[in-house]
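Engineer: I have a structure here, written as structure tokens, and I will follow up with some questions on it.
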Amino acid sequence: MKNIKIAVIGLGYVGLPLARLFATRYPVVGFDINKARVAELMSGTDSTLEVEPDVLQSVLSQHNPVTNSSPTGLFCTTELDQIRDCNIYIVTVPTPVDRNNRPDLTPLVKASETVGKVIGKGDIVIYESTVYPGATEEDCIPVVESTSGLKYNTDFFAGYSPERINPGDKEHTVEKIKKVTSGSTHEVGKIVDELYKSVIMAGTHLAPTIRVAEAAKVIENSQRDINIAFVNELAKIFNKMGIDTHDVLEAASTKWNFLPFKPGLVGGHCIGVDPYYLAQKAQEYGYHPEIILAGRRMNDEMGKYVASEVVKLMIKKELPVKGAKALMLGITFKENCPDIRNTRAIDIYHELKEYGVEVEVYDPWADPEEVHHEYRIPIVTEYPESNGYSAIILAVAHHEFKNVNIDEHRNNGTVIYDVKGVLEKGAVDGRL
């Protein structure tokens, strides 16, 4: 395919790093409906912290490189007409679940409508959003067809290349992670594969069909979810036995083929969500997935379990529970990352509140306004110096928390609970 001009639809944790990478080799227009986000990016800053300012600024173009025939560069916009001249459309919008854990394809459908308004004959639309097998061709492509009036695999074509972004990870960046690719025809699959191969240092794997690529992505996260659920269950068992789970895992890890998963909260926009997509599709085919949903139930309950363990420890120390003050360190879904989407740390907060505990949250990585908007809770912006806490829960292993001096709190009788197992074992009252 000659004269490649790329539009990336959705400039979040997945879309921006991808757009930045492609812009080192091709003219790229990033499209997002969030005006504040576009303005931020065009000023050279990224609030998700996925792309460093100097790296972003090195590819930014203040003029649309597609219409100006520039060989490379990234231009971000909210204007639909600015992506009309592109011939490759890459969709990187989120795929959440609703409050009943049912897949919500609304962002994907709306993005497909957007593509349908601008796609032309011979163009290719590539989806990166995590979905169940069949979603691209059964749910998205019909929307593009009806909006554009073009016929699939005759007038326009499709590909699927599942995102493999790991938020907050500066070592495994997008170009260093092998990419699965696919196309709606054999020839288009080769074009899509060559496109990604041109920028992905780790190489690519061309799957035989779009459905295979979709399935590969959704089982990646389901597999991890199930493995974490297993060690979470072990943590519950060993806790009853008075055995330290981390000591057990350290000993077991001396065997060459032992998988080093650790117990913890499973949130975020992938592992805590994607298994529901696979489960939903399986049920449509008349199969009720046992292990996948059992793993989800186990992991979704861990926040409540942590809160109950903290309360038990308070009672053992003869500390009053109702009206007590607790400090929770961390609200993001993972360490050293500002992403609060689907964080399960919030479950600890709500469960402690149910016990009548007054909970303060401190997280130097999270945006207080975003946390309040998403979860309707306040967070403090500086580490509290008060010693009046009955319990301190380390919920997220941010670098800043590893050096927190908890001795003074512990000496005053405060319960210290380490969800992530990063503090010294002898310095805490409990941990997963």
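Engineer: Along each of the three principal axes of the Cα atoms of segment 205-276, give the extent in whole Å, ordering the values from largest to smallest.
Structural biologist: 49, 27, 15
Engineer: How do 37-46, 323-332 rank on mean C-beta neighbours within 10 Å, highest first? Don't skip to the end; give the middle numbers.
Structural biologist: Details: 37-46: 17.0, 323-332: 22.5.
Output ranking for 37-46, 323-332: 323-332, 37-46.
Engineer: For the chain, give the share of DSSP beta bridges that are antiparallel, in percent and rounded to the nearest 5; count only bridges with both residues there. Display every interim value, and only then the final one.
Structural biologist: Details: 2 of 44 bridges.
For the chain, the DSSP antiparallel bridge percentage is about 5.
Engineer: Another question, if that's okay. If a paramagnetic tag sat 7 Å from the Cα of E318 along the Cα-Cβ line, which residues of segment 397-420 would have the backbone N under 19 Å from that point?
Structural biologist: 410-416
Engineer: Shifting gears a bit: Hey, can you rank 333-343, 287-297, 123-133 by average C-beta count inside 10 Å, highest first? Walk me through the numbers on the way to the answer.
Structural biologist: Numbers: 333-343: 21.2, 287-297: 14.7, 123-133: 25.2.
The most tightly packed comes first, giving 123-133, 333-343, 287-297.
Engineer: Taking the alpha-carbon distance from K178 and a cut-off under 20 Å, which lysines remain once sequence neighbours fewer than 8 residues away in the same chain are dropped?
Structural biologist: Partners found: K170, K190, K197, K217.
Engineer: Moving on to the next point. Counting only residues 5 or more places away or on other chains, whose amide H sits under 5 Å from the amide H of L206 once H atoms are built in the peptide plane?
Structural biologist: The list, which skips near neighbours in sequence, is T181.
Engineer: Are any of the pairs K255/K334; K236/K420; K255/K425 more than 18 Å apart by Cα-Cα distance, and if so, which? Mind dumping the intermediate values first?
Structural biologist: On the way: K255/K334 28 Å; K236/K420 14 Å; K255/K425 23 Å.
In this structure, K255/K334; K255/K425 lie more than 18 Å apart at Cα.
Engineer: Carbon and sulfur together cover what percent of the accessible area of the chain at a 1.4 Å probe radius? Could the numbers behind the result be given before it?
Structural biologist: Numbers: 9970 of 19610 Å².
The nonpolar share, carbon plus sulfur, comes to 51 percent.
Engineer: Counting heavy atoms of the protein chains only and a 1.4 Å probe, report the per residue accessible area for segment 165-285 as a whole number of Å². Let's see the in-between values first.
Structural biologist: Numbers: 6010 Å² over 121 residues.
I get 50 Å² per residue for this part.
Engineer: Follow-up. For the chain, compute the orientation-averaged projected area of the C-alpha convex hull (one quarter of its surface), in nm². Write out the running numbers ahead of the final one.
Structural biologist: Values: hull surface 87.1 nm².
The Cα convex hull of the chain, projected and averaged over all directions, gives 21.8 nm².
Engineer: Using a probe radius of 1.4 Å on heavy atoms only, what accessible surface per residue do you get for segment 347-417? Whole Å² is fine.
Structural biologist: Working: 3730 Å² over 71 residues.
Heavy-atom accessible area per residue stands at 52 Å².
Engineer: If you build a Gaussian network model of the chain, linking Cα atoms that sit under 10 Å apart, which residue out of R99, R344, R84 swings the most?
Structural biologist: Top of the fluctuation ranking is R99.
Engineer: Then there's this: Relative contact order for the chain: what percent, with Cα pairs under 8 Å and sequence separation of 6 or more? Present the calculation step by step, with values, prior to reporting the outcome.
Structural biologist: Values: 852 pairs, mean separation 46.1, N = 432.
Answer for the chain is 11 percent.
Engineer: Moving to a separate point now. Can you list the lysines whose alpha carbon sits under 16 Å from that of K316, skipping same-chain ones fewer than 8 residues off?
Structural biologist: By straight Cα distance, K316 reaches K240.
Engineer: Taking a probe of 1.4 Å, how large is the accessible area per residue of segment 1-93, in Å²?
Structural biologist: 42
Engineer: Students often forget the sequence filter, so: which lysines lie under 17 Å Cα-Cα from K353 once same-chain residues fewer than 8 apart are removed?
Structural biologist: List returned: K304, K312, K322, K325.
Engineer: To the nearest 10 degrees, how steeply does helix 290-300 sit against the main Cα axis of the chain, on a 0 to 90 scale?
Structural biologist: The answer is roughly 60 degrees.
The values are calculated or read from the model by the stated rules, or taken from the named source; none is laboratory data. Every value quoted in this text rests on a predicted model; they were computed, and no experiment measured them. Positions of Cβ are backbone-derived with ideal geometry, glycine not excepted, and every protein chain shown enters the neighbour counts. Heavy atoms of the whole protein, side chains included, go into the accessibility calculation; ligands, DNA and RNA do not. Shrake-Rupley method; radii C 1.70, N 1.55, O 1.52, S 1.80 Å.
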